[in-house]
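Visitor: Have a look at this one.
The values are calculated or read from the model by the stated rules, or taken from the named source; none is laboratory data. All figures in this text were calculated on a predicted structure; none of them were measured in a lab. Cβ sites come from the backbone with ideal geometry, for glycine too, and all protein chains shown count toward neighbours.
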Amino acid sequence: MSAEAVILKKPEHGISRRHIDADALKILFRLHHLGFTAYLTGGAVRDMMLGKVPKDFDIVTDARPGQIKKYFHRVFIVGRRFRLAHVHFGAGKVIEVATFRRHSSLAGANGAHGRNVPETIYGSPREDAWRRDITINALFYDAISTSVIDYVGGLADLRLKRIRIIGDSGQRFREDPVRIWRVIRYAARAGFAISEDTEREIAGHRHLLADCSGARLFEELYKDLNYMASRPVVAALRKFRILGHIIGRAGTDYENDDALFARLDHFLAVEDCEKANGHRPMLDELCAILFWPWLEPQLAAAQGDMQLALKKAFLDAKMSVLLPKSLRAQVIDILVLTVKMIRALRTGRMRWSMRGRAQYSKASRLCFLVEKKRAPESGESFESLFQQAFPRIWVSGPHRRRGK
Ligand code: ATP
Ligand code: MG
């Protein structure tokens, strides 16, 4: 652990308080006036240094969760192993305030349970920086002195456009294999290279991802699918052959078959573009897109109960990620409806009662994407495709039924 922190003053880092959420600033100043040290940390500082707008503003302080609860209104203490304070503001807004802690051998975010957190879990700002995953995620921003504080070489790595694990990569990956995923994610998001020693350890440790909690892997998958630029991240996960360790057979098929992956890659590119235009796809839609190219050949040939065939395909894939049951059922519904729509576009036969199904509009969108390789514009849908293909049936079929 290096001794001295590198401190960057305002003219050298370009972060302005104007870029910082007003409620986060209030918490920082209040903690300061109460005599505590408090910094912005993690993704917020990283993103501001990269000139991006942070998704959220996490705070770290030497105040303990109980003290935060005492001094602030509407605070909820969450987390079993590491207790964190969630400070609530209106309209569902929450700012996370954590206490500086030190590296623990049980460092995986989903490690041990137990409410009795030993005092020794807490640490100094330096120790807190060192227990984090990658150097550019371990910077602190002090809103009082308006300086960036770096204990781990994150500023140098930002300059070098480099993603580097803090400490020994192999050891940190063994402690928590999800860090492998995170290294690849943040490298892909920022367009940075992965440092040589960190990259070297990925191949030897990536299989450990399959042993992580399926629920935690699902949370990570959600972050990537939901992210504005999911395409480069998924492509990087494939390049490092992580997909198979996450989504089982679906992932290995994507890794081994360039043409199959090219379909997914294109869909993700379209979706990223849509997100940039303000479309906010739901998670079940995003999962349906993720699995469509992989399932499409099986679905095209499927006879009989397609729901059952899909359930079996998901089970047989032996995914490490645990899709919540209700989500999986919704995804299967979207996929089955989409197949029916595509078949209808070939045959002219459609059961229009399906319009009442909850997933109808999501399937309609996916059907359009599959058929046209682009997102529907206003007025476009499965129905407009059907109408073009079968104008006569359209007039005599669906309209008559609609009037019933
Ligand atoms: P995002 O924009 O995706 O939220 P983030 O860096 O804020 O990026 P979080 O998952 O919110 O990512 O985590 C917050 C911070 O907690 C990280 O910046 C990092 O410092 C630390 N962290 C998260 N996961 C780990 C981990 N597995 N091991 C060590 N530190 C971690
Ligand atoms: Mg975050």
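Visitor: So in the range 45-85, with the set limited to residues that are out of contact with any helix residue (DSSP H, G or I) (no Cβ under 8 Å at 6 or more places or on another chain) and within 15 Å of ligand 2 (Cβ to nearest atom), which one is modelled with the lowest pLDDT?
Guide: Filtering first and then ranking leaves Gly79.
One line per residue, one yes/no per condition, for (1) within 30 Å of Val6 (Cβ to Cβ); (2) at pLDDT 95 or above; (3) within 16 Å of ligand 2 (Cβ to nearest atom); (4) of a type in the set (D, E, K, R):
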{"residue": "Gly154", "(1), (2), (3), (4)": "yes, yes, yes, no"}
{"residue": "Asp157", "(1), (2), (3), (4)": "yes, yes, no, yes"}
{"residue": "Gly170", "(1), (2), (3), (4)": "yes, yes, no, no"}
{"residue": "Ser230", "(1), (2), (3), (4)": "no, yes, no, no"}
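Visitor: Given the range 3-86, what strands (runs of 3 or more DSSP E) lie entirely inside it while holding 3 or more residues that are within 14 Å of ligand 1 (Cβ to nearest atom)? Show your work before the answer.
Guide: Working: elements: 6-8, 38-41, 58-61, 75-78.
It comes to 38-41, 58-61.
Visitor: Could you please find all residues in the range 54-85 being free of Cβ contacts under 8 Å to residues at least 24 places away in the same chain and loosely packed, with under 15 Cβ neighbours inside 10 Å?
Guide: Lys55, Gly66, Lys70, His73, Arg74, Phe76, Ile77, Val78
Visitor: Follow-up. Name the single residue that is surrounded by the fewest Cβ atoms within 10 Å (Cβ to Cβ) among those in the range 86-98 being away from ligand 2 (no atom under 12 Å from the Cβ) and either hydroxyl-bearing (Ser, Thr, Tyr) or touching a residue at least 60 places away in the same chain (Cβ under 8 Å) (or both).
Guide: Residues of the range 86-98 away from ligand 2 (no atom under 12 Å from the Cβ): 86-93, 97.
Checking the rest, the ones that are also either hydroxyl-bearing (Ser, Thr, Tyr) or touching a residue at least 60 places away in the same chain (Cβ under 8 Å) (or both) come to 87, 89, 93, 97.
Details: Val87: 22, Phe89: 16, Lys93: 11, Val97: 24.
In this case the residue turns out to be Lys93.
Visitor: So, Val331, is that one under 29 Å from Pro391 (Cβ atoms) and buried (at least 20 other Cβ atoms within 10 Å of the Cβ) or not?
Guide: On the way: under 29 Å from Pro391 (Cβ atoms): no; buried (at least 20 other Cβ atoms within 10 Å of the Cβ): yes.
Judged against the criteria, Val331 is not a match.
Visitor: Tell me, yes or no, whether the range 345-358 has at least one residue that is in contact with a Cys (Cβ under 9 Å, 6 or more places away or on another chain) and surrounded by 17 or more Cβ atoms within 10 Å (Cβ to Cβ). Talk me through it step by step, then tell me what you get.
Guide: Kept after step one, since they are in contact with a Cys (Cβ under 9 Å, 6 or more places away or on another chain), are these residues of the range 345-358: 345.
Going one step further and asking which of them are surrounded by 17 or more Cβ atoms within 10 Å (Cβ to Cβ), we end up with 345.
Among the residues of the range 345-358, at least one is in contact with a Cys (Cβ under 9 Å, 6 or more places away or on another chain) and surrounded by 17 or more Cβ atoms within 10 Å (Cβ to Cβ), which makes the answer yes.
Visitor: Would you mind finding the one in His266, His245, His205 that is assigned to a helix (DSSP H, G or I), out of contact with any Pro (no Cβ under 8 Å at 6 or more places or on another chain) and within 25 Å of Asn137 (Cβ to Cβ)? Spell out the reasoning first.
Guide: Working: His266 fails: within 25 Å of Asn137 (Cβ to Cβ); His205 fails: out of contact with any Pro (no Cβ under 8 Å at 6 or more places or on another chain).
The match here is His245.
Visitor: Residue check, Gly379 against (1) crowded, with 16+ Cβ neighbours inside 10 Å; (2) at positive phi, all met but one. Which one?
Guide: Status for Gly379: all satisfied but (1).
Visitor: Of the residues Leu155, Leu225, Leu221, which single one is part of a helix (DSSP H, G or I), in the same structural domain as Trp130 (by TED's automatic domain parsing) and either at positive phi or in contact (Cβ under 8 Å) with a residue 12 or more places away in the chain (or both)? Please lay out each step first, then the result.
Guide: Details: Leu225 fails: in the same structural domain as Trp130 (by TED's automatic domain parsing); Leu221 fails: in the same structural domain as Trp130 (by TED's automatic domain parsing).
Result of the check over Leu155, Leu225, Leu221: Leu155.
Visitor: Also, quick follow-up: If I ask for residues that are more than 16 Å from ligand 2 (Cβ to nearest atom) and buried (at least 21 other Cβ atoms within 10 Å of the Cβ), which ones from the range 178-200 would you list?
Guide: So the first thing to find is which residues in the range 178-200 are more than 16 Å from ligand 2 (Cβ to nearest atom), and the list is 180, 184, 187-188, 191-200.
Ile180, Ile184, Ala187, Ala188, Ile194, Thr198 - these are the residues of the range 178-200 that are more than 16 Å from ligand 2 (Cβ to nearest atom) and buried (at least 21 other Cβ atoms within 10 Å of the Cβ).
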